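Structure first, commentary second.
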Amino acid sequence: MSEIIRASSDATEAARQSDQFAIALAAVHAAQQHQQQEQSACRHHGSPARAATSGGGGVKWLAVGMGGSALLLSVAVSAVAVAVSAVAVTVCLLILRSVLADVRKGR
């Protein structure tokens, strides 16, 4: 039974880590948006030609954010899948051990 408890705690830890990854990603995304807003505010005081040539930065960061969140989501889902399969394997092994003990006793 301790293996089941350990697998359950691993699954809980994986869920907690996925929440932490989501919070970290949101913080990075907010910092990037803040930095972009500061840069765009600074560009308005500079030359208009420089501001016109640096377009498309928001789309790039949006794509990076979406790709990063998809990556972190897949990591979290795979961690939960590993934990669930570990619990299933543990239960199967415990059942087989019980069956083997019964066979040895002659039941």
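Just so it is clear, none of the values below were taken in a lab; they were calculated from the coordinates. Note that the structure is a prediction, hence the values are computed from the model and not measured. Virtual Cβ from ideal backbone geometry, glycine too; neighbours counted across all protein chains shown.
Extending each Cα 7 Å along its Cβ direction at ALA101 and VAL84, get the distance between those two points in nm, one decimal.
Calculated label separation equals 2.9 nm.
Note the full-extension length gain between GLN20 and ILE4 as 0.36 nm times their separation in residues minus their Cα-Cα distance, in nm to one decimal.
Numbers: separation 16, 0.36 × 16 = 5.76 nm, distance 2.42 nm.
That pair, GLN20 and ILE4, stretches by 3.3 nm at full extension.
For an R0 of 22 angstrom, estimate the FRET efficiency from the Cβ-Cβ distance between ALA41 and TRP61 and round to the nearest 0.05.
Details: r = 17 Å, r/R0 = 0.76.
With a Förster radius of 22 Å, E is 0.85.
Sort the following peptides by mean Cβ neighbour count (other Cβ atoms within 10 Å, averaged over residues), highest first: 60-66, 98-104. Mind showing how you got there, number by number?
Numbers: 60-66: 12.1, 98-104: 9.7.
Averaged packing, sorted descending, gives the order 60-66, 98-104.
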